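Chemist: Can you read through this structure? Questions will come right after.
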Amino acid sequence: MTDIASGGATGAAIGGARTLLRLEGLALFAGMTLLYAVWEGSWWVYALLFLAPDLSFAGYLAGPRIGAAVYNAAHSYLAPMALMTTGLALPSPLTLSLAMIWLAHIGIDRALGYGLKYSTGFGFTHLGRIGKDAAKAT
C-alpha cells in the first residue's frame, strides 16, 4: 500500500502542497516579470531568452538520467539566484536581467506543473506526472 502523504511511488507533491508549489511558481513568474518591467529591461531580450533554459531538453539525447540532471540544473533556483546575487553585488545590469528572465521561466514552468525531473523519465516530476500518460497515473 502506498503512503498518500508521500505522493505515491513517484515521490511527487500532492494536494495542497502541490497547489502551493504551483502558486509559488506563478508568484515568481509575475514578480520577476514585473521587476524586469520596472527595471526597464529590453522586451526583445526577454522574449529571446525566456525559453533558453528549455534547451536543456537536449540532455535527454544522452538518456533519462543525464537528461534529468541537465534539465534540473537549468530549472533549479540555484544558478539564477547566484547570478542575481552577483548582479546585485556588482554593477551589472545585464547579469540582473538574465537572472530575472531565468527565474521568470522557472516560475511559469512550475506554475504550469513542470517540475524538476526524476531520472525515471521526462514525465516524472516533483509536481507529478506530465504528458500523455499523466491522466493514467491519477
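Chemist: Taking only pairs six or more apart or across chains, which ones have beta-carbon atoms under 6 Å, a first residue in the stretch 100-120 that is farther than 12 Å from Ala74 by Cβ and free of Cβ contacts under 8 Å to residues at least 60 places away in the same chain, and a second residue that is part of a helix (DSSP H, G or I) and open to solvent by 40 Å² or more (accessible area, probe 1.4 Å)?
Modeler: Listed pairs, sorted by first residue: Ser119/Pro64; Ser119/Arg65.
Chemist: Turning to a different aspect of this structure: Which ones in the stretch 114-129 are over 13 Å from the mean Cα position of the chain (by Cα) and closer than 19 Å to Met32 by Cβ?
Modeler: Of everything in the stretch 114-129, nothing turns out to be over 13 Å from the mean Cα position of the chain (by Cα) and closer than 19 Å to Met32 by Cβ.
Chemist: Please name all residue pairs, on different chains or six or more residues apart, with Cβ atoms under 7 Å, provided the first residue is in the stretch 67-81 and is closer than 11 Å to Phe122 by Cα and the second residue is polar (S, T, N, Q) and open to solvent by 60 Å² or more (accessible area, probe 1.4 Å).
Modeler: Partner pairs satisfying both residue conditions: Ala68/Ser119.
Chemist: Looking at the stretch 77-113, which of the residues that are open to solvent by 20 Å² or more (accessible area, probe 1.4 Å) and of a type in the set (S, T, N, Q) is farthest from the chain's Cα centre (by Cα)?
Modeler: Per the stated criteria, the residue is Ser92.
Chemist: OK, next. Take Met81 and tell me if it is modelled with pLDDT of 95 or more, touching a helix residue (DSSP H, G or I) at 6+ places or on another chain (Cβ under 7 Å), of a type in the set (A, V, I, L, M) and assigned to a helix (DSSP H, G or I).
Modeler: Spelling it out, it is not the case that Met81 is modelled with pLDDT of 95 or more, touching a helix residue (DSSP H, G or I) at 6+ places or on another chain (Cβ under 7 Å), of a type in the set (A, V, I, L, M) and assigned to a helix (DSSP H, G or I).
Chemist: Output the number of residues of the stretch 22-68 satisfying the condition of being open to solvent by less than 60 Å² (accessible area, probe 1.4 Å) and either in contact with a Pro (Cβ under 7 Å, 6 or more places away or on another chain) or assigned to a helix (DSSP H, G or I) (or both).
Modeler: Matching residues across the stretch 22-68 total 21.
Chemist: Something else: Quick check: is even one residue across the stretch 33-42 more than 16 Å from Leu127 (Cβ to Cβ), among the acidic types (Asp, Glu) and over 17 Å from the mean Cα position of the chain (by Cα)?
Modeler: yes
Chemist: Do we have Ala74 as under 13 Å from Ala104 (Cα atoms), of a type in the set (A, V, I, L, M, F, W, C) and out of contact with any strand residue (DSSP E or B) (no Cβ under 8 Å at 6 or more places or on another chain) here?
Modeler: Here the answer is yes, as Ala74 does meet what is asked.
Chemist: Can you go through Thr125, Thr19 and tell me which one is β-branched (Val, Ile, Thr) and loosely packed, with under 14 Cβ neighbours inside 10 Å?
Modeler: Criteria check complete, one pass: Thr19.
The values are calculated or read from the model by the stated rules, or taken from the named source; none is laboratory data. Please read these numbers as outputs of a predicted model, since none were measured by experiment. With ideal geometry, Cβ positions are generated from the backbone for all residues, glycine too; neighbour counts draw on all protein chains shown. Accessible surface is based on the protein model in full, side chains and every heavy atom, while ligands, DNA and RNA are left aside. Shrake-Rupley method; radii C 1.70, N 1.55, O 1.52, S 1.80 Å.
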